Amino acid sequence: MPITLKELADFCDAQIEGGNPSILIDTAADITSAQTGQVTQLTNSKYTRYLKESKASACFIAHDFAVDTIPDDIALLRCTDPEMAFINAVGLLHPAKTYGQHIAPQAVLGANVSVDESVYIGAFAVIGDNVSIGEGSVVLAGAYIGNNVKIGKRCRIYPYAVVYDNVIMGDNVIIHSGAIIGADGFGYKFRNHVHVKVPQVGNVVIADNVEIGANTCIDRGALGSTTIGAGSKIDNLVQVGHNNQVGKNVIMCGLTGVSGSCTIGDYAILAGSSGIADHVNIGQGAVVMARSGVAGDIAAGTQVFGSPAKDKRTAYKEQVAISKLPELLKTVKQLEEKIQALEKQGKDEN
């Protein structure tokens, strides 16, 4: 439902500068495409040029962000944190779909299932035996929940996600479509020319406020638990091996792979396509940059890059040096030719 600019500003604790406080705002948009009736944001000076020609009705901007000429019809919403203000505006203008209490007749519920009266379970969802689902949680169509699973309050399991037996989730956990939580870890012993499977009898424990992206796989512990700490966010297409201990507020970006029995410290960041060998410790606040391969421990607060990963400053210097190799080889060849010419000249003179 559209709201007035003044209502939006009050909701986001912003001050209106210019424009018409009574104009209706119905949606949010990127600064490069926003139109009349939409609100946008400007937080980076390199995008200032788009504001000068923008057709947006309003733009969130920091109190001290200087802009020159802007269209007469656009209102600046001055605030302390325009990014957070814009996030709040998006949430207000584009509210998430809500689900009331409902258990679809096509859903399959096992024995001894404990479901809060406010829970939503969609069509063709399968709920195993001895499962408990907390207040306000949503299990959407086609999701599979194994035996002995505990799901906290206000969790959301999207269609066709699979949660194996014995998984424990805290509150406000989001599992996106296609994610597999609690599959067997990849453990084998080579004996008599065959790979013998090591039984995987542990589980996965997910703390509060964790979000797990589509088609991500988190393996259960071989013995004990694979754990994901509170507030951690895991992107799509990530592999987390068995017995990993992931700390609080960790970020794992798409296509990251973490082998077994690693410890990832609080607030660490694993950027896209990074790979972590088994039994590695990554310290608190460390950053593994994109496409890096980590084979040894990473100290807290450090940033590493490359494969094998090393301090990013060293890695960058090496990359620069490598980029100069063709020119260096050309110079060496020229010097060799000059030396050969001098040697030949000396022989001729003798």
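If A183 passes every condition in (1) assigned by TED's automatic domain parsing to the domain that holds T226; (2) over 19 Å from I234 (Cβ atoms); (3) of a type outside the set (S, T, N, Q) but one, which one does it miss?
Failed condition: (2).
Name the one entry in Q303, Q284, Q345 that is loosely packed, with under 13 Cβ neighbours inside 10 Å and of a type outside the set (A, V, I, L, M, F, W, C).
When all the criteria are applied, what remains is Q345.
Of the conditions (1) more than 20 Å from I23 (Cβ to Cβ); (2) at pLDDT below 95; (3) among the acidic types (D, E), D72 satisfies every one except a single condition; which number is it?
(1)
Output the residues belonging to the range 124-154 that are out of contact with any Pro (no Cβ under 8 Å at 6 or more places or on another chain), assigned to a loop (DSSP other than H, G, I, E, B) and of a type in the set (A, V, I, L, M).
Scanning the range 124-154 gives A125, V131, V149.
In the range 168-177, is there at least one residue being within 17 Å of I228 (Cβ to Cβ), assigned by TED's automatic domain parsing to the domain that holds S232 and among the acidic types (D, E)?
Looking through the range 168-177, at least one residue is within 17 Å of I228 (Cβ to Cβ), assigned by TED's automatic domain parsing to the domain that holds S232 and among the acidic types (D, E).
Specify which of the listed residues (A207, A183) is touching a residue at least 24 places away in the same chain (Cβ under 8 Å), crowded, with 17+ Cβ neighbours inside 10 Å and in contact with a strand residue (DSSP E or B) (Cβ under 9 Å, 6 or more places away or on another chain).
A207
Only one residue in D13, D30, D64 is assigned to a loop (DSSP other than H, G, I, E, B), under 25 Å from K97 (Cβ atoms) and modelled with pLDDT of 95 or more. Which one?
Just one listed residue meets the conditions, D30.
Please name all residue pairs, on different chains or six or more residues apart, with Cβ atoms under 7 Å, provided the first residue is in the range 89-109 and is without any contact (Cβ under 8 Å) to a residue 60 or more places away in the chain and the second residue is surrounded by fewer than 12 Cβ atoms within 10 Å (Cβ to Cβ) and part of a loop (DSSP other than H, G, I, E, B).
Correct list of pairs: Q101/E117.
Can you work out which of the residues in the range 256-284 that are within 10 Å of the chain's Cα centre (by Cα) and either of a type in the set (A, V, I, L, M) or in a strand (DSSP E or B) (or both) is nearest to G187 (Cα to Cα)?
Looking at the filtered set, the residue picked out is L270.
Filter the range 133-161 down to residues that are within 18 Å of S225 (Cβ to Cβ) and surrounded by fewer than 22 Cβ atoms within 10 Å (Cβ to Cβ), then give me how many there are.
5
Suppose the filter is in a strand (DSSP E or B) and crowded, with 17+ Cβ neighbours inside 10 Å; does G178 pass it?
Taking the combined requirement at face value, the residue does not satisfy it.
Looking at (1) under 30 Å from A222 (Cβ atoms); (2) buried (at least 20 other Cβ atoms within 10 Å of the Cβ), which is the only condition D165 fails?
The one condition D165 does not meet is (2).
Need the failing condition index for R156 against (1) without any contact (Cβ under 8 Å) to a residue 40 or more places away in the chain; (2) more than 19 Å from D235 (Cα to Cα); (3) not assigned by TED's automatic domain parsing to the domain that holds E211, just the number.
The failed condition is (2).
The values are calculated or read from the model by the stated rules, or taken from the named source; none is laboratory data. This is a predicted model, so every value here is computed, not measured. Positions of Cβ are backbone-derived with ideal geometry, glycine not excepted, and every protein chain shown enters the neighbour counts.
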